[in-house]
Amino acid sequence: MVTAEQAAELLKGILDGGSDRSVVDLGWLDRVRIDPPRAVIRLNLPGFAQGQRERIVAEARERLLTLENIHDVQIELGSPPSQGGIGQAGHGQTAERQPIPGVKKVIAVSSGKGGVGKSTVAVNLACALANQGLRIGLLDADIYGPNAPIMLGVSDQSPEVSGSGDDQQMIPLESCGVAVVSMGLLIEENQPVIWRGPMLNGIIRQFLYQVDWSERDVLIVDLPPGTGDAQLSLAQAVPMAGVVIVTTPQQVALQDARRGLAMFLQMGVPVLGVVENMSAFIPPDQPDRRYALFGSGGGQTLAEAFEVPLLAKIPMEMSVQEGGDLGKPITISHPESASAQAFKGLAEQLRTSIQDVY
């Protein structure tokens, strides 16, 4: 007679499309009971995996119906696996972080609020690292405001997809020596993304595990501002070399940056340091002048409060904005400018700080 253990072993061959882990090991299928001619199982899908429901149920039925004397399969609905506390996996994920095949190190770029130039820092950091001979990927995880395609000049292109079904993989676009994937490459120019948390978590996991990143020394992840689902999903999904916190010198930005920095520390993610963006304005006709439009010393204050390095002070130049709009980051278009040199210094510091990380 077929046993529940044999049936459970058969179900272990069903895999999560994002992580390639067994749905039994993930706790998504459990409580297998054999009562010929019926087999009963419980389905505990987390929110981010709801898109896989029909496939998992169909595969479970198909596998169980191959068992001797089993002619009916009953599916019971349970609760998602326990999320645990901070530092453990949430949204139905397990606490074990899964590396990305081919990617050596992951660095997140985050900010407490919008408008501080976080994406500009992420894109130019990626380009600066690529200029230093590293193989770099850029994951634009700012799902609601994806700007990386415009900044890298690929907004009019679409990524190719290889394979089919659960084996599908997206091929990143290449620009400025950087492989990039973004929600902005998958939607129309003016199309809003109106998603709740579980859907956002799902697409981020797909960008992590269902993209052919090939061999990358560093994957830069441009996170949305704040301390929401995207930050939690990333921190709980993959091992990270660390996170860079971007702020401007003004007090309002610092308050939000403190919250974001504290969140990553609570989750056990190394904070590599602080980048003070828009530290001073350099007029195009007076390259030797500096004007502190948003105050001064804020980045240093934040870094000292949390005992982390102040990695860079990035000045404001017209060519930074122009390069972002034209798809030519300043590190590429004006490599000798003060801003480009600051990004170069930032890249060099990060290479040093992460060389011994995992």
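Considering segment 232-251, the residues that are polar (S, T, N, Q), in a helix (DSSP H, G or I) and buried (at least 21 other Cβ atoms within 10 Å of the Cβ) include one that is nearest to the chain's Cα centre (by Cα), namely SER233.
Before we move on, is ILE75 part of a strand (DSSP E or B) and either aromatic (Phe, Trp, Tyr) or at pLDDT 95 or above (or both)? Criteria not met by ILE75. Residue count for segment 316-348 under the criterion of being in contact with a strand residue (DSSP E or B) (Cβ under 8 Å, 6 or more places away or on another chain) and either among the small types (Gly, Ala, Ser) or surrounded by fewer than 18 Cβ atoms within 10 Å (Cβ to Cβ) (or both): the result is 5.
Residues are listed down the side, and each one gets a yes or a no for (1) at pLDDT 90 or above; (2) β-branched (Val, Ile, Thr); (3) assigned by TED's automatic domain parsing to the domain that holds ASN147:
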residue: ASP285; (1), (2), (3): no, no, yes
residue: LEU293; (1), (2), (3): no, no, yes
residue: MET316; (1), (2), (3): yes, no, yes
residue: VAL320; (1), (2), (3): no, yes, yes
residue: GLY323; (1), (2), (3): no, no, yes
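A count restricted to segment 187-216 and to residues that are modelled with pLDDT of 80 or more and either of a type in the set (Ser, Thr, Tyr) or surrounded by 17 or more Cβ atoms within 10 Å (Cβ to Cβ) (or both) stands at 13.
To keep it simple, each residue is scored yes or no on (1) of a type in the set (A, V, I, L, M, F, W, C); (2) at pLDDT below 95; (3) surrounded by fewer than 19 Cβ atoms within 10 Å (Cβ to Cβ); (4) more than 28 Å from THR248 (Cβ to Cβ).
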position: GLY114; (1), (2), (3), (4): no, yes, yes, no
position: VAL121; (1), (2), (3), (4): yes, no, no, no
position: ALA126; (1), (2), (3), (4): yes, no, no, no
position: ILE136; (1), (2), (3), (4): yes, no, no, no
position: LEU139; (1), (2), (3), (4): yes, no, no, no
position: SER155; (1), (2), (3), (4): no, yes, yes, no
position: SER158; (1), (2), (3), (4): no, yes, yes, yes
position: GLY165; (1), (2), (3), (4): no, yes, yes, yes
position: GLN168; (1), (2), (3), (4): no, yes, yes, yes
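For VAL308, the stated conditions hold: it is assigned by TED's automatic domain parsing to the domain that holds MET240, among the hydrophobic types (A, V, I, L, M, F, W, C), in contact with a helix residue (DSSP H, G or I) (Cβ under 8 Å, 6 or more places away or on another chain) and over 30 Å from GLY184 (Cβ atoms).
Among the residues of segment 309-326, are any basic (Lys, Arg), in contact with an Asp or Glu (Cβ under 7 Å, 6 or more places away or on another chain) and outside any helix (DSSP H, G or I)? Among the residues of segment 309-326, at least one is basic (Lys, Arg), in contact with an Asp or Glu (Cβ under 7 Å, 6 or more places away or on another chain) and outside any helix (DSSP H, G or I), which makes the answer yes.
Of these, LEU311, LEU254, which one is closer than 21 Å to VAL221 by Cβ and buried (at least 16 other Cβ atoms within 10 Å of the Cβ)?
Exactly one of LEU311, LEU254 is closer than 21 Å to VAL221 by Cβ and buried (at least 16 other Cβ atoms within 10 Å of the Cβ), namely LEU311.
For ILE150, the test of being surrounded by fewer than 24 Cβ atoms within 10 Å (Cβ to Cβ), out of contact with any Lys or Arg (no Cβ under 6 Å at 6 or more places or on another chain) and not in a loop (DSSP other than H, G, I, E, B) is passed.
There is no residue in segment 267-282 that is surrounded by fewer than 16 Cβ atoms within 10 Å (Cβ to Cβ), assigned by TED's automatic domain parsing to the domain that holds GLN251 and without any contact (Cβ under 8 Å) to a residue 12 or more places away in the chain.
The values are calculated or read from the model by the stated rules, or taken from the named source; none is laboratory data. Since this is a predicted model, take the numbers as computed values, not measurements. FYI the Cβ positions are ideal-geometry reconstructions off the backbone, even for glycines, and counts take in every protein chain you see.
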